[in-house]
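To start, the structure itself, in structure tokens.
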Amino acid sequence: MHWRSTSVAFSPDGRTLAAGDSGGTVTLWNTADPRHPVRFPETLTGANGLIFSLAFSPDGRTLAAAGDDNLGSIALWDVSDPAKPVTKPGISNSHTRSVLSLAFSPDGTMLAAGGDGSNAAVGLWSTTDPGVRIGKPIDQPTATSTWVAFSPDGRTLASANSRGTVTLWNATDPNHLTRRGSPLTVPGGSLWSVAFSPDGRTLAAAGHTDNGTINLWNVTDPDHPTPIGRPLTVETGFVAVLAFSPDGHTLAATTDDGVATLWDLNVESAICRICAASSGALNRQQWSRYVPQLSYDPPCVTTK
């Protein structure tokens, strides 16, 4: 029987790719030479149902997988040697029906899980004491699904839900998470992805929105986040995954039609390239298309 891939994740060093499928198994690939990936012989089993999320720990030694098993369970493997993975004790995430999103804290001591169900609760788990819950689950009232992401410094946890709301939590004391600032809202949206930039200053969120947008916020002060320009627009209304490049200058989004779109978030370099390629100042329509983050103020000098 052939299963389709439903989730993928690269190890921190980029040398291993994990691919989860609709049958609850995970395949590991050696990507040291990305032009010729080689499949590792052992298939990872222990997860149940369609795998929605995969996450490597920051040191690359642990792989977590979870999905639609109606039990909310999380499978863990020691992949220090990806050719010989070892099953670790899993996590019983009973406060939610399924797990849609997983995120390790930057220091690797915690695993956050975003749920699917009547309250779409967010749970925190210890990785140093496997299976032990940290604090109480964070309920997401009226939401049916939640996605999670840690800031690079580990001091903030973001949760985005099906009600179009992003909440920032102070995670300095993970046993007592407290809300940072007011919830961020995306009108007419059911959010499916949330991501921090590598420097932790920008937060992006998107999903199945009415107008197919990706919203960006400046979270340099997470207690007072502010919107960054106008939302970025995609061709379809369903953004499945968001990811920043390691330098934070590029944002990638994949949509439900299988298209990946890239945005250059380094506004100055983008303007320089556009000006160099144009014969004069950009009109408002061109500016809106190429530099949506800023108000109309074309810097190009007309050459005619």
Q | Test: residue 130 is at pLDDT below 95, over 22 Å from residue 60 (Cα atoms) and not polar (S, T, N, Q) | A | no
Q.
Being on the phi > 0 side of the Ramachandran plot, in contact (Cβ under 8 Å) with a residue 12 or more places away in the chain and open to solvent by less than 40 Å² (accessible area, probe 1.4 Å) is the requirement here; does residue 135 meet it?
A. yes
Q: Among the residues of segment 187-242, write down those that are open to solvent by 50 Å² or more (accessible area, probe 1.4 Å), modelled with pLDDT of 90 or more and either in a strand (DSSP E or B) or of a type in the set (Ser, Thr, Tyr) (or both).
A: 218, 220, 226, 227
(Q) Looking for something out of contact with any Gly (no Cβ under 9 Å at 6 or more places or on another chain), among the aromatic types (Phe, Trp, Tyr) and part of a strand (DSSP E or B) - is there at least one such residue anywhere in segment 71-89? (A) no
Q.
I'm told residue 182 meets every condition in (1) within 22 Å of residue 97 (Cα to Cα); (2) in a strand (DSSP E or B) except one. Can you identify the failing condition by its number?
A. (1)
Q. If we only count strands (runs of 3 or more DSSP E) wholly inside segment 1-69, which ones have 2 or more residues that are buried (at least 21 other Cβ atoms within 10 Å of the Cβ) and not hydrophobic (A, V, I, L, M, F, W, C)?
A. 16-21
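The values are calculated or read from the model by the stated rules, or taken from the named source; none is laboratory data. Note that this is a predicted model, so its numbers are computed, not measured. Methodologically, a virtual Cβ is constructed for each residue, glycine included, from the backbone with ideal geometry; neighbour enumeration extends over all protein chains shown. Note: areas computed on protein heavy atoms with side chains; ligands, DNA, RNA excluded. Shrake-Rupley method; radii C 1.70, N 1.55, O 1.52, S 1.80 Å.
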